[in-house]
Every structure is written in C-alpha cells, then in structure tokens.
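Data block below; observations after.
The values are calculated or read from the model by the stated rules, or taken from the named source; none is laboratory data. Predicted, not measured: the structure shown is a model, and the values here were computed from it. Every residue, glycine as well, gets a Cβ built from its backbone with ideal geometry; the counts of neighbours run over all protein chains shown. Areas reflect the complete protein model, heavy atoms only, side chains present, ligands, DNA and RNA absent. Shrake-Rupley method; radii C 1.70, N 1.55, O 1.52, S 1.80 Å.
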Amino acid sequence: MKMAPTVLEPLQQPETVRVPEVEKGVGCNFDSYLLVPDHTLDERIAAAKQALGERVVLLGHHYQRDEVVKFADFQGDSLKLSQQAAAQSGAEFIVFCGVHFMAESADILRQPHQQVILPDLNAGCSMADMADIEQVEDCWEQLEEVGPLNVIPITYMNSTAAIKAFTGRKGGAVCTSSNASALFGWALARGERILFLPDEHLGRNTAYRMGIGLEEMVVWDPRRDLGGLTPEQLRQARVILWKGYCSVHQRFLPEHVERIRRQHPGIRVIVHPECRWEVCQQADELGSTEKIRQAVVASPPGSQWAVGTEIHLVNRLAREHPEKFIVSLDPNVCVCTTMFRIAPQHLCWVLENLTAGRVVNRIQVDAETRTWACVALDRMLSLS
Ligand code: 13P
Ligand code: SF4
C-alpha cells in the first residue's frame with residue numbers, strides 16, 4: 001500500500017486527447033513536478049482536466065487542501081464520495097483526492113471499464129492502519145472460542161479492503177460517520193453483539209447515542225490475548241470496540257470545550273464523532289464532515305461555531321463565511337498529514353499522464369476481495 005508512485009500500465013484504448021502545453025514524455029517523471037511552485041500549476045491542471053473532459057471525474061474529500069479541492073467535480077464526506085464513485089459510471093477515470101481507503105472503496109464500487117487513481121500512494125490513514133486483516137481474523141477466532149456470541153462485525157469505512165471483505169463474508173457491513181447508527185441498528189437486529197473496528201471513539205459515541213450504556217461496551221486490544229478481556233466480559237458486552245483512534249480527532253479535549261465556551265459565551269460546539277466520548281458529550285452537535293459543513297452553512301449570519309475536526313475544513317468554512325465566527329476547537333492546528341499529502345503537483349502529474357495515455361497510481365483491489373467488500377459496502381449503501 002505504501003509504495004513510491006509508479007507507472008502501472010498503459011491505457012488499453014488508443015489515445016484521443018492531448019494537452020498542447022505538455023511535451024511528450026514530460027508527464028511520466030514525477031520528480032520534475034516537485035520543482036514547480038503550487039500556484040503555477042493551476043492552468044496546467046485545468047487544461048489537462050478540460051482535455052480529458054467527461055473521461056475523468058475528480059472526487060475531493062473535505063480535508064483536502066484548497067488548491068486541490070477547487071478542481072473537484074464532487075466534494076464530500078466518505079459516504080457522499082462513495083455514492084458519487086458508484087454513480088459516476090460514465091467516466092473512465094476516477095481521480096480520488098483523499099486517502100487510500102477511500103480510493104480502494106471507489107475501486108470496489110466502480111464499473112468494469114473504470115480505473116481509480118490516488119494522486120499520492122503515500123496518502124494513507126493512521127487509523128485504518130490500526131487494524132490489519134490478520135489481527136481481525138485472529139480476534140474473530142478467539143471470539144468463536146469463547147462460545148456462541150452471535151457477533152456481527154461492522155467496520156468503519158476507514159479500513160482496508162481486506163477488512164471490508166471480511167465483514168462482508170461474516171454477515172456484517174461497512175459504515176461511515178454519517179450512517180453508523182443505522183448500521184448499528186441493522187446489526188443488532190441480526191445478532192446479539194457488534195464487533196466495531198477500527199475506531200473506538202466512533203463506536204462508543206454511536207452506541208451510547210442509541211441508548212447502549214458504557215458498561216455494555218468493552219475495548220478489544222489486538223496486542224493482548226483475548227483482547228485483554230475475560231470471556232465473561234465478552235458475554236456481557238453488546239459492543240466490542242477495537243482499540244483504534246484518529247490521531248487528529250483524539251487531540252480535542254473536554255478542556256478545549258470548556259475554554260471556548262468561557263471565551264465566547266453562546267458559541268456552538270460541533271465535533272466529528274471520531275472525537276473522544278467526553279468531548280462529544282460536551283458538544284452541542286456531532287456529525288460527519290458533510291454534516292458539519294451543512295450545519296455551519298445553514299446557520300444565520302452572526303452565528304458562532306467552534307469546530308472539532310481537521311483544520312482545512314474549518315479554515316475553508318471560516319473563509320467562505322466571513323459573516324459568521326468560525327474557529328477550530330483546538331487553537332493548535334489539527335492537520336491530517338496524510339490528506340495533506342495530495343498536492344497540486346500530484347494532481348497535475350496524474351492528469352497530464354492520463355492525457356498522454358498513461359495511468360499512474362492506479363488503485364486496484366483483487367477480484368476476490370472486491371466481491372466480498374462490495375457485499376459489505378452494498379449493505380451500507382442500501383441503508384444510506
Ligand atoms: P467523514 O466520512 O466524516 O468525511 O470522515 C472521514 C474521516 O476520515 C474523518 O477523519
Ligand atoms: Fe484517517 Fe484521522 Fe486523517 Fe481521517 S483525519 S483520514 S481518520 S488520520
């Protein structure tokens with residue numbers, strides 16, 4: 001998954017479009033793009049995109065930099081972008097300005113004639129890296145040894161394709177932060193317990209808001225035998241939470257909420273459900289990145305917001321809405337460094353290569369994994 005950018009394969013179709021400014025052969029060498037300053041790439045990106053026309057669709061997550069996301073045909077949270085990936089059957093190429101698990105999900109949902117491209121293959125997600133398939137299979141075996149627990153696995157979108165396929169095979173599903181409670185309800189109608197991975201916080205916040213008490217949840221530590229739990233604890237639990245977290249959202253603390261309320265009486269606090277339970281308890285609203293955006297946009301002029309999520313989204317909202325007071329809940333900048341990896345240089349490089357008939361940085365999930373991951377994703381999409 002973490003490889004240096006490589007040219008994967010030539011296009012099958014004869015080349016039909018060219019960007020006049022790009023000399024033949026220039027586009028394949030990424031290093032030469034590193035020397036070009038960000039602002040000078042705008043015209044080249046726009047020209048390449050225009051030359052490709054409807055052959056390409058650009059999807060951009062809300063955490064992307066402005067200089068990248070401004071070229072997106074669709075901007076959104078993980079759910080909206082996965083729905084767009086499934087809906088864009090006309091485009092030959094889906095360029096995903098986001099992180100690896102998002103591009104993988106697009107590859108699972110794409111049509112056979114489409115190819116998915118991630119502009120920088122190093123754009124991963126540290127939370128998704130906190131669960132690997134061997135650990136999850138090992139966990140499942142250990143749960144089975146405890147006896148008939150009737151567990152339904154639900155994996156957050158922020159997980160590998162292999163884990164999504166695992167949940168599909170085991171009668172489970174995928175969820176995002178927009179539809180986690182719908183998927184939890186779905187799972188509890190089918191089984192007695194949920195194994196939720198890899199984000200402990202999203203799992204706890206979702207279950208708690210559905211009326212499941214903290215005492216009915218346990219945390220599975222994949223580094224310890226039986227997750228560090230006893231068989232009795234597992235039998236009493238309704239939700240088994242994988243010990244994983246987002247390093248960006250875990251930085252927000254209850255003290256930040258107290259401080260911002262002291263400094264700005266009446267301010268509304270809205271946070272992403274990847275934040276700690278204690279922070280979510282003190283917030284006025286929780287929501288996915290799309291829900292955060294919608295809530296802030298829909299609020300009247302003069303509204304005050306403290307937002308607990310990645311800084312690029314917060315800054316963009318503040319810039320687009322000068323009539324409102326919008327700040328980050330944490331005064332120290334919270335950047336998702338892997339989202340930040342997608343630079344205009346990468347975007348220009350992949351698009352100019354496409355115009356030259358080369359597909360670079362293709363994300364391709366193997367057929368067996370795709371089949372089962374698709375089952376898990378389809379279960380989610382049918383409930384969204
Ligand atoms: P959203 O689905 O809310 O966009 O969240 C994705 C993510 O990675 C948040 O950290
Ligand atoms: Fe992953 Fe956190 Fe970045 Fe979201 S903000 S992509 S969960 S590391």
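The table below lists the values:
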| read-out | value |
| --- | --- |
| Some residue of region 323-337 being outside any helix (DSSP H, G or I), in contact with a Pro (Cβ under 9 Å, 6 or more places away or on another chain) and open to solvent by 10 Å² or more (accessible area, probe 1.4 Å) | yes |
| All positions within region 31-69 that are β-branched (Val, Ile, Thr) and either touching a residue at least 60 places away in the same chain (Cβ under 8 Å) or open to solvent by less than 40 Å² (accessible area, probe 1.4 Å) (or both) | VAL36, ILE45, VAL56, VAL57, VAL68, VAL69 |
| Scan of region 166-220 for residues that are among the acidic types (Asp, Glu) and in contact with a strand residue (DSSP E or B) (Cβ under 9 Å, 6 or more places away or on another chain), ordered by number | GLU192, ASP199, GLU200, GLU216 |
| Those residues of region 321-334 which are of a type in the set (A, V, I, L, M, F, W, C) and modelled with pLDDT under 95, in sequence order | VAL333, CYS334 |
| Subset of region 80-97 [among the charged types (D, E, K, R) and more than 16 Å from ligand 1 (Cβ to nearest atom)] | GLU92 |
| Residue within region 249-260 that is within 16 Å of ligand 1 (Cβ to nearest atom), of a type in the set (S, T, N, Q) and in a helix (DSSP H, G or I) present | yes |
| Test: LEU226 is assigned to a helix (DSSP H, G or I), out of contact with any Ser or Thr (no Cβ under 9 Å at 6 or more places or on another chain) and more than 16 Å from ligand 1 (Cβ to nearest atom) | yes |
| Condition met for LEU81 (touching a strand residue (DSSP E or B) at 6+ places or on another chain (Cβ under 6 Å), assigned to a strand (DSSP E or B), within 27 Å of ALA356 (Cβ to Cβ) and open to solvent by less than 10 Å² (accessible area, probe 1.4 Å)) | no |
| Answer from ALA180, ALA187, ALA162, ALA173 - the residue that is open to solvent by 10 Å² or more (accessible area, probe 1.4 Å) and touching a residue at least 12 places away in the same chain (Cβ under 8 Å) | ALA162 |
| Condition met for TYR63 (of a type in the set (Phe, Trp, Tyr), outside any loop (DSSP other than H, G, I, E, B) and within 22 Å of ILE363 (Cα to Cα)) | no |
| Residues being open to solvent by less than 10 Å² (accessible area, probe 1.4 Å), over 18 Å from ARG358 (Cα atoms) and in contact with a strand residue (DSSP E or B) (Cβ under 6 Å, 6 or more places away or on another chain) - total across region 86-106 | 4 |
| Condition met for CYS246 (assigned to a loop (DSSP other than H, G, I, E, B) and touching a strand residue (DSSP E or B) at 6+ places or on another chain (Cβ under 6 Å)) | no |
| Residues (buried (at least 19 other Cβ atoms within 10 Å of the Cβ) and either hydroxyl-bearing (Ser, Thr, Tyr) or part of a helix (DSSP H, G or I) (or both)) located in region 338-351 | THR338, MET339, PRO344, GLN345, HIS346, LEU347, CYS348, TRP349, VAL350, LEU351 |
| Qualifying residue in region 155-168 (condition: farther than 16 Å from ALA103 by Cα, under 17 Å from the mean Cα position of the chain (by Cα) and within 15 Å of ligand 2 (Cβ to nearest atom)) | yes |
| Conditions (1) assigned to a helix (DSSP H, G or I); (2) open to solvent by less than 10 Å² (accessible area, probe 1.4 Å): number failed by TYR208 | (2) |
| Filter pass, ASP129 being open to solvent by 20 Å² or more (accessible area, probe 1.4 Å), within 16 Å of ligand 2 (Cβ to nearest atom) and of a type in the set (D, E, K, R) | yes |
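A quick yes/no check of all residues on (1) within 21 Å of THR167 (Cβ to Cβ); (2) within 16 Å of ligand 2 (Cβ to nearest atom); (3) more than 22 Å from the chain's Cα centre (by Cα); (4) surrounded by fewer than 23 Cβ atoms within 10 Å (Cβ to Cβ):
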{"site": "ILE194", "(1), (2), (3), (4)": "yes, no, no, no"}
{"site": "LEU197", "(1), (2), (3), (4)": "yes, yes, no, no"}
{"site": "ARG223", "(1), (2), (3), (4)": "no, no, yes, yes"}
{"site": "ARG235", "(1), (2), (3), (4)": "no, no, yes, yes"}
{"site": "VAL239", "(1), (2), (3), (4)": "yes, no, yes, no"}
{"site": "TRP242", "(1), (2), (3), (4)": "yes, yes, no, no"}
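Yes/no matrix, rows are residues, columns are (1) among the polar types (S, T, N, Q); (2) within 13 Å of ligand 1 (Cβ to nearest atom):
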{"residue": "GLY302", "(1), (2)": "no, no"}
{"residue": "LEU317", "(1), (2)": "no, no"}
{"residue": "VAL333", "(1), (2)": "no, no"}
{"residue": "HIS346", "(1), (2)": "no, no"}
{"residue": "THR355", "(1), (2)": "yes, no"}
{"residue": "GLN364", "(1), (2)": "yes, no"}
{"residue": "THR369", "(1), (2)": "yes, no"}
{"residue": "LEU381", "(1), (2)": "no, no"}
{"residue": "SER384", "(1), (2)": "yes, yes"}
